[in-house]
Amino acid sequence: MSLNTSIYQLFENVVGTGNISDKECDLAAYRHWSPQSPRRPISPAAVILPKNTEEVQNIVKICNGHNIKYIPQASLFGMTPTFVPGTVIINLRRMNRILAINETDRYAIIEPAVRHVQLKPEVLKRGLNYPTASVGPSCSVLANFVASGDHHVQHSFSRVSRYILGLEWVLPTGEILRVGSPGSGAGWFCADGPGPSLRGLVRGWGGWGGGLGIITKIAIGLDAWKGPSILTAEGHSPRYNIRLPADCHHVHIFKFSSLDKLRNAMLEIGKAEIGMGVLKFFYAT
């Protein structure tokens, strides 16, 4: 189902020519299953690429005014909600800036399309770190945090939702809500509180699949990096190497005769606070 010409023009007026498309060759990359089309995926009505919060807000208001369903996407990794014919995709890949890294108060402010391969090297160079989900370098940092993407680092970092500080949120109504210290113009260093927190509403069901608006900026807390002080990276993704000092890395292989012994060892490693991550290798023997 394509958009009405006049509605398409409204969106184009917001983002500019070249940042919206309803061409089938472009829409094919966004096909997904629909209850109305159980045997074959369908394409969205259009793909729209805003560059800032104000453009996202205007797009949401147009959608509301014309009863158009929308789905925001950043790095296109993970679950895409099932959509109905006429849905538009709000692709946030143009919003890919690291807005600030505050080394004193230890936080970073980022837009939705900032990927781990962008942010992680920048904070490591400053002697800082943050929990990274097991999703690979090309995924959205913001999406991982609002969807609580903990995975194998939760025992060493705690839940990533605890790292969310200030955030900027375009509500489903089109209003802009700034949660935490940004809401009072005091900077991005603090989450909301004391008392009940709005951060629990951000995740909805399955991250952005919850339909609770669009997060356009977020501040995340940073920890001190406890690894080697010298990191040398060569090449570019996906062909790159990181050279680590040889005197601080060793490989040890432990085998356990039972799952109970393995579990107890993992608990002791956690208590000693020397474990960084726990990964599953299903086919290892």
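Only the coordinates and a few stated rules stand behind these numbers; no lab work does. None of the values given here were measured: they were computed from a predicted structure. No Cβ is skipped: glycine too gets one built from the backbone with ideal geometry, and neighbour counts run over all protein chains shown.
Please give the FRET efficiency for Glu234 paired with Asn67, using the beta carbon to beta carbon distance and R0 = 41 Å, rounded to the nearest 0.05.
Once rounded, the FRET efficiency stands at 0.20.
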List the aspartates and glutamates whose Cα lies under 13 Å from the Cα of Lys226, skipping any in the same chain that are fewer than 8 positions away. Glu273
Note down the nm distance, to one decimal, between modelled labels 7 Å out along Cα→Cβ at Leu267 and at Arg31. 5.1
Potential lengthening between His250 and Leu171 on full extension [0.36 nm per residue; Cα-Cα distance subtracted]: 23.6 nm
Work through the residues other than Arg178 whose Cβ is under 15 Å from its Cβ and net out their charges, Lys, Arg +1 and Asp, Glu -1. -3
Run the paramagnetic zone check for Thr104: 7 angstrom along Cα to Cβ, then residues of segment 173-198 with backbone nitrogen under 20 Å. 181-191
